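Peer 1: Sharing a structure here in structure tokens format.
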Amino acid sequence: MAVDITEKLAALLGKADTVKILVTTDEEGAPHAVVKDSLRLDEQHRLIYLELLESSRTNKNMVRSIWFNRAVAVAVAGANGESYQIKGKPVKAIVSGPLFRKYYQQIREQCDDADLAAVWVIEPENIIDQSFPVRRRQEEASHPYFKHLDRLAK
Amino acid sequence: MSFALKQQPSELSFEEVAAKYPQFPRLVMLKTDIQRRGVYYTDRALSVADPAIHQLAGTHIFGTRDGILTHRPEAFILRDGTSVLTSPTPLEENPYIVDLCDGRLVLLDKGQEIEEIEYWTKPDYYNLTTSTGVPMSHVASARPQRIYIMPSRYCHFWSDNQGCLFCDIVNNLKQQKSELDLPPKLKPRDVAETIKEALKEPGRFTAICLTSGSDFHGGVPFDTEVDYYIEILQAVGENFKTAKFPSQLISTAFTEKQLARIYEQTGILSYTPDIEVLNEKLFAWICPGKARWVGYREWKQRLIRAVDIFDRGYVNTCIVAGVELAKPHGFTDEDEALKAVLEEAEDLASHGVSTVYTVWVPRPGSYLRGQKNASLDYYVRLAAGLHELRKKYNLPIDHDDYRRCGNHPDSDLGRLL
Ligand code: SF4
């Protein structure tokens, strides 16, 4: 089930200094994590990822995901400590047509040597705020035993 | 009218086959089943096929199941980028249905929505004509990422009544000539101009493919065919700054000397002489022209020898899968047929030659019209078997994969390799 990306997260994804890591899995379920600056949102707030290398491990894993309904994850880290994890599924691989052409031209303008293999569309299914203050508050609320006693001492 | 393509009661349904082979991608299985059963476009679906945007049927080398050539989408694409080249099929033959629901193009089976689809988009050059006045869409047809040139639409095996039994090329040519005014033989200049325009479209094409009917004329049989390919490929090559370019020649099996000539004088990078059926006895029956002029064993040997020129994996051959079960001389048991085909494919693979398949469509213009193609279960096992052979023998299939071609369920699986 698709979930909405908040405006705050959308803004973070759009910032130049935000780090975005795409995590896919191979046939054996082994993770493969790669920094992907090209990750962005489309008008429907779905994640768009531009694959430049057709034979890349990520591209193969994305194909495996769309074929066998397997999730991928995107870790998003902002310069001010913001941190999110977006879990989702690839729902479309665009390999031709007007949208492909648009992104192809963008890529070619940025780098004379680059090619475009596919425009992947990832539908977000779960968004977790991973920033430390948020996670700590959650843990304290749900696991009161998970702490060292000296922190509670008078 | 034949009803032969209707699913037989004993055959497993799509869902049953999908449940039986969970490790086989469902979308590739769906493509295979659509190709097996054909497709029917509703009026609503056709109403959104816009000639200004979409690629409508035009220059197919082979005909359709319903005998109508024009005004339908050429093919469509699934959401994973899988192309589905399929023939419009009369409703009474139980095809999948393409319909328009809530503004979306969808594929239906038994009234249920299966998948959303998109029509192929038309390339820019389809709006242009060559300096001799030929519409460029008649010179080269486009797939989502490939330019497809058919220099000659005539196969000389037909003049001796020795055309392949599944083939309707010449009957289709007659129809295309009268209905679409297609040139039966292309001029190299028209080809050069068309490719020049096609390459102006950013990101549109990744490969060029050439195919024609066979022509046994010449000092050595097929020299005429070879000479013509060289002329056309040189005209194509004028447009590239590199000597070689991603390309595929689908043709007759030539001698080493002929092949060396093509390789040395043109930019061609891969070679696909289609053997059509991987069984000597059936080859003699189904492909009488190829059997007479080359022969099954020699065809295989020519494939193997071509590896010395093009390298491992860049020589492959296509089979018309399911035709090995054609009546009255074909296999009567799918298990036996599959075993025999995969054994032969393995023999080729062990020598660096890969095999791909297209789903046999018993077209009305062919000798084998009205017959039934194989079960979905058969096609799934065949695709998986051919894919496994490529894995086992480490054979790339980049030149004939989901993107450079899009018509072989087995090479679609190469996206995982
Ligand atoms: S060689 Fe066979 S399949 Fe090819 S065009 Fe001639 S008759 Fe048709």
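The values are calculated or read from the model by the stated rules, or taken from the named source; none is laboratory data. None of these values were measured; they are calculated from a predicted model. Here the Cβ positions follow ideal geometry from the backbone for every residue, glycine too, while neighbour counts run over all protein chains shown. Side chains are part of the model used for accessible areas, which takes the heavy atoms of the whole protein and leaves out ligands, DNA and RNA. Shrake-Rupley method; radii C 1.70, N 1.55, O 1.52, S 1.80 Å.
Peer 1: Show which lysines lie in cross-link reach of residue B:200 when reach means a straight Cα distance below 19 angstrom and same-chain residues fewer than eight apart are skipped.
Peer 2: Here the lysines satisfying the reach criterion relative to residue B:200 are A:102, B:122, B:241, B:244.
Peer 1: Right, something else. Identify which of A:39, A:47, A:99 has the largest mean-square fluctuation in a Gaussian network model of chain A, with springs joining Cα atoms closer than 10 Å.
Peer 2: Result: A:99 has the largest fluctuation of those listed.
Peer 1: Tell me the label-point distance for the pair residue B:308, residue A:132, using the 7 Å Cα-to-Cβ offset, in nm and rounded to one decimal.
Peer 2: The two pseudo-label positions are separated by 6.8 nm.
Peer 1: Using alpha carbons only, how many angstrom separate the centre of the stretch A:131-154 from the centre of the stretch B:93-164?
Peer 2: Answer, in whole Å: 63.
Peer 1: Quick one: what does P(r) look like for the stretch A:7-152 with 10 Å bins over all Cα pairs, in whole %?
Peer 2: Taking every Cα pair in the stretch A:7-152, the percentages come to 10, 37, 31, 14, 6, 2, 0.
Peer 1: Which positions within the stretch B:78-96 get 40 Å² or more of their accessible surface covered by the other protein chains, compared to the chain by itself, with a 1.4 angstrom probe?
Peer 2: Residues shielded by partner chains are B:79, B:80.
Peer 1: First compute the accessible area of the protein assembly as shown with a 1.4 Å probe, then give the percent of it belonging to carbon and sulfur atoms.
Peer 2: It is 52 percent, rounded to a whole number.
Peer 1: Search the structure for amide H atoms under 5 Å from the amide H of residue A:92, placed 1.01 Å from N in the peptide plane, and list their residues when 5 or more places away or on another chain.
Peer 2: A:121
Peer 1: If you line up the long axis of helix A:132-142 against the longest principal axis of chain A, both from Cα atoms, how many degrees apart are they, to the nearest 10?
Peer 2: That works out to roughly 50 degrees.
Peer 1: Between residue B:12 and residue B:50, how high is the FRET efficiency from 1/(1 + (r/R0)^6) when r is the Cβ-Cβ distance and R₀ = 30 Å? Nearest 0.05.
Peer 2: Values: r = 38 Å, r/R0 = 1.26.
Rounded to the nearest 0.05, the efficiency is 0.20.
Peer 1: Around residue B:209, with a cut-off of 10 angstrom between Cβ atoms, what is the net charge of the other residues, counting Lys and Arg +1 and Asp and Glu -1?
Peer 2: Net local charge, residue B:209 excluded: +2.
Peer 1: Among all the lysines, which ones have a C-alpha under 20 Å from residue B:31's C-alpha, if same-chain residues fewer than 8 places away are not counted?
Peer 2: A:60, A:92, B:6, B:20, B:110, B:372
Peer 1: Through the Karplus equation 6.51 cos²θ - 1.76 cosθ + 1.60, θ set to phi - 60°, convert the phi angles of the stretch B:337-347 into ³J(HN,Hα) values in whole Hz; use x for Gly and Pro.
Peer 2: These are the phi-based 3J(HN,Hα) values: 4, 4, 4, 5, 5, 5, 5, 5, 5, 5, 4 Hz.
Peer 1: Compute, for chain B, the length of the dipole vector about the Cα centre, with Cβ point charges of +1 (Lys, Arg) and -1 (Asp, Glu) only. Units Debye, rounded to 20.
Peer 2: That gives chain B a dipole magnitude of about 560 debye.
Peer 1: Can you work out the accessible area per residue across chain B, with the rest of the protein chains kept in place, probe 1.4 Å, in square angstrom? Please report the intermediate quantities before stating the final value.
Peer 2: Working: 15870 Å² over 417 residues.
Per residue, chain B has 38 Å² of solvent-accessible surface.
Peer 1: Still on this structure: Before rounding to the nearest 500, sum -39500 (n - 2.57) across all DSSP H runs of length at least 4 in the protein assembly as shown and divide by the residue total; then give [θ] at 222 nm in deg cm²/dmol. Don't skip to the end; give the middle numbers.
Peer 2: Values: 18 runs with 185 residues, N = 571.
Here the helix-only value at 222 nm equals -9500 deg cm²/dmol.
Peer 1: Would you give the gap between the C-alpha center of the stretch A:45-94 and the C-alpha center of the stretch B:240-274, rounded to a whole Å?
Peer 2: Between the Cα centre of the stretch A:45-94 and that of the stretch B:240-274, the gap is 39 Å.
Peer 1: Which ³J(HN,Hα) values, rounded to whole Hz and listed in residue order, are derived for the stretch B:359-370 from phi using the Karplus coefficients 6.51, -1.76 and 1.60 in 6.51 cos²θ - 1.76 cosθ + 1.60 with θ = phi - 60°, glycine and proline given as x?
Peer 2: Rounded to whole hertz, the list is 6, 5, 10, x, 5, x, x, 9, 4, 8, 4, x.
Peer 1: OK, next. So, taking all protein chains as they sit and a 1.4 Å probe, how much accessible area belongs to residue A:149, in Å² rounded to tens?
Peer 2: 130 Å²
Peer 1: Taking +1 at the Cβ of each Lys and Arg and -1 at the Cβ of each Asp and Glu, which of A:55, A:12, A:22 sits farthest along the dipole of the stretch A:1-60 towards its positive end, judged by Cα position relative to the Cα centre?
Peer 2: A:12
Peer 1: Hey, what do the phi angles of the stretch B:126-142 turn into as Karplus ³J(HN,Hα) couplings, whole Hz, using 6.51/-1.76/1.60 and θ = phi - 60°, x for Gly and Pro?
Peer 2: 4, 8, 10, 10, 6, 5, 8, x, 8, x, 5, 5, 8, 8, 9, 9, 10
Peer 1: Also: Once R0 is set to 51 Å, what does the formula 1/(1 + (r/R0)^6) return for the Cβ-Cβ distance between residue B:132 and residue B:92, expressed as a FRET efficiency to the nearest 0.05?
Peer 2: Calculated value: 0.75.
Peer 1: So, one more: Go ahead and set up a Gaussian network model of chain B, Cα springs under 10 Å, then flag whichever of B:352, B:103, B:330 fluctuates most.
Peer 2: Of B:352, B:103, B:330, the most mobile in the Gaussian network model is B:103.
Peer 1: Per-residue accessible area for residue A:70 at 1.4 Å probe radius, Å² rounded to 10?
Peer 2: Here the residue's solvent-accessible area equals roughly 60 Å².
Peer 1: First measure r as the distance between the Cβ atoms of residue A:140 and residue A:43, then evaluate 1/(1 + (r/R0)^6) with R0 = 35 Å and state the FRET efficiency to the nearest 0.05.
Peer 2: Working: r = 39 Å, r/R0 = 1.11.
FRET efficiency, residue A:140 to residue A:43: 0.35.
Peer 1: If you don't mind, there's one more thing I want to ask. How much accessible surface area, in Å² rounded to 10, belongs to the heavy atoms of residue A:45 with a 1.4 Å probe?
Peer 2: 50 Å²
Peer 1: List the residues whose amide H sits under 5 Å from the amide H of residue B:251, counting only those 5 or more places along or on another chain, with H placed 1.01 Å from N in the peptide plane.
Peer 2: Excluding prolines and chain starts, which carry no amide H, the hits are B:272, B:274.
Peer 1: Related question: Just the accessible area per residue of the stretch A:7-152, please: how many Å² with a 1.4 Å probe?
Peer 2: Normalised by residue count, the accessible surface of the stretch A:7-152 is 55 Å².
Peer 1: Right, here's the next one. Check which residues have an amide H placed less than 5 Å from residue A:41's amide H, if you skip close sequence neighbours.
Peer 2: Amide H neighbours of residue A:41, under 5 Å, 5+ apart: A:48.
Peer 1: Related question: Placing +1 at every Lys and Arg Cβ and -1 at every Asp and Glu Cβ, with all other atoms neutral, what dipole size does the protein assembly as shown have around its Cα centre, in debye to the nearest 20?
Peer 2: With Lys and Arg at +1 and Asp and Glu at -1, about 640 debye.
Peer 1: Let me ask something additional. With the cut-off at 18 Å, report for the stretch B:275-353 the share of all Cα pairs above it, as a whole percent.
Peer 2: Details: 1237 of 3081 pairs.
Considering the stretch B:275-353, 40 percent of its Cα-Cα pairs are separated by more than 18 Å.
Peer 1: For the interface of chains B and A, what total accessible area is buried with a 1.4 Å probe, rounded to the nearest 100 Å²?
Peer 2: For chain B against chain A, roughly 2000 Å² becomes buried.
Peer 1: Over chain B, with a Gaussian network built from C-alpha contacts below 10 Å, which listed residue (B:92, B:346, B:324) shows the highest mean-square fluctuation?
Peer 2: B:92
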